[in-house]
Structures are given as structure tokens and as C-alpha cells.
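Undergrad: This is the structure I have questions about; it appears just below.
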């Protein structure tokens, strides 16, 4: 995803089902200026936000940590879990503790989950694995590895396959180890864009909140869409969407702050991360 080549507002959307409740009823048609929706895997959205090609997007929490000084967080929006997340999964032949110095294949589609795995393997289990990056294909990843990390719909579909691998949910491990939930993605806006487009940001925030509210009040349309597009049963998807948290309150912020702290300790992040949340009042203070 290259840097900006036009002035059309660019809004990113993650190509995975975990963001559907926030986007299902969200339409750029109702926003001024006819913004363009860019749907990609998290790694490409992360790159677009970090290089300024996108104005607003959900980003991997780790990517926000890399570029936090360029961004405001949109209020009360995240993809979080308070225990198992069901779509951030490590597949292995032995328990993770037993392969803490082994070889692990990493998905090339995200950053937060990759670095969460590194934190768990190195801080929780005291290991030093060898990592390599791969397209999200379980059998190809496992051909030369002790374990493979998959995320999103790739992880979900792999968990349904017949195999003899141990499946470890990183959200569950993080909760058991730290006592906190884990935030995998947040919604961010470029500070430079927000300063010039306060009214649009307010409308975008309201539209995301309304989509989240409507989706959570009746998950049936999302469940039916997931069954059609991805497979699985209505019961699976009802549980999947109900299990995820799309808010970003104090509990989620504390868990994410701990993640950033560990990432800094391991040298994955160079600086302390500040989570500045956008609001109309924030913008007024910036302009003064």
C-alpha cells in the first residue's frame, strides 16, 4: 500500500470476521466526501496507517504502539478478549512450554499476535525460539517447524480441520498468565487528518458505535454471513462474536498497557506508548 496519491478520504477495514460487528452497518455512503473503503489483512492496513496512506483504520495494537505519536485512538472501539479469543491460535506437536527453544512459523498477516507469542514464549516460558515468517498455510508451516501461529479466519478454519496438533489459544494463555484480557486491534485516526476533519471524525465514530450496537443486539445476520462465506455452524459463530469484546474501556486499556510494557522490555518497541483517545474536546485543546 503506497503513500497518498489523491485526496479522497481512505478508511481501512480488516479482512477478517473479527471486525464484522463494527463494520456490518457502517457505510461510507452516509459520510461526506464519499470516503473510500480499503479492505486488507491487518499487516497491510498497519503499513497504510504508518506511512500515511490511510486516514482512519483498525490497526493491530502493536502497530499502534509503533506509531502512537502519529495517531489518536477512536473511543471505545477495539477487538479484545477476556480469555480465549478463538482466532489467535498456536498449532504445535508438543505443549508450548516444551518447545520454548524450538522453531516456530509465524503468520505474515499481523503484528500484535506475533509479538504476543514472542512475549509469552520468552517472558512466560523463558524460551528463545527461532522464528520464521510464512504465508498462512498450516501444513506448509508445520513441515519444518515445531509450531505455527495462525490468526483470524485462517486460524478458525485450521482449527476445524482433522489434525493431531495441540491448539493453544494465546488469549487464554495471556489471561491465565497476567490476569488481564488482551486487546488485539484498536481503531486509529491520523492526528494530522483529525485536526482538519473534526466533524467527519465525529460522524465516523458515531457510525462505528451504531454498527456495533445494532450488531450486538442481533447477531443473526453476521452469523448467517459467516456460515455462508467461511463455513462452520451457527452455534460456533454465535459464540465467537459473543465472546469478543468491541469496547475499549479501562480494563482493556490496562491489559494493553501491560502488553506494551512487555514489548518494550523485549526490545520489540523502542519507546513507552501513550494511548491518547480522540474526542471533540481533545481537538479543541489541540487547536488552542
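Bear in mind these aren't lab numbers, they're just calculated from the coordinates by the rules spelled out. Note that the structure is a prediction, hence the values are computed from the model and not measured. Every residue, glycine as well, gets a Cβ built from its backbone with ideal geometry; the counts of neighbours run over all protein chains shown.
Undergrad: Which order do the peptides 255-265, 113-123 take when ranked by the mean count of other beta-carbon atoms within 10 Å per residue, highest first?
TA: 113-123, 255-265
Undergrad: Tell me the relative contact order for the chain as a rounded percent, counting alpha carbon contacts under 8 Å between residues six or more apart.
TA: In percent, rounded to a whole number, it is 28.
Undergrad: Arrange the peptides 245-254, 100-109 so that the one whose residues have, on average, the most other Cβ atoms within 10 Å appears first.
TA: Ranked by mean Cβ neighbours within 10 Å, highest first: 100-109, 245-254.
Undergrad: While we're on this one: Just want to confirm a number: the relative contact order over the range 88-178, from Cα pairs under 8 angstrom separated by 6+ residues, in percent.
TA: Across the range 88-178, relative contact order equals 47 percent.
Undergrad: Now, a different point. Using a Gaussian network for the chain with springs between C-alpha atoms less than 10 Å apart, which of these wobbles most: 241, 208, 193?
TA: Looking only at 241, 208, 193, the largest GNM fluctuation is found for 193.
Undergrad: State the Cα centre-to-centre distance between the range 23-46 and the range 97-175 in whole Å.
TA: Distance between centres, Cα-based: 29 Å.
Undergrad: Please report, to one decimal in angstroms, the Kirkwood hydrodynamic radius of the range 43-166 built from all distinct Cα-Cα pairs.
TA: Result for the range 43-166, one decimal place: 15.5 Å.
Undergrad: When a/c is below 1.5 the answer is rounded, else prolate if a/b is larger than b/c, else oblate, so apply that to the range 186-288 with a ≥ b ≥ c taken from the square roots of the Cα gyration tensor eigenvalues.
TA: On the way: a/c = 2.73, a/b = 1.39, b/c = 1.96.
Oblate, because a/c is 1.5 or more while a/b does not exceed b/c.
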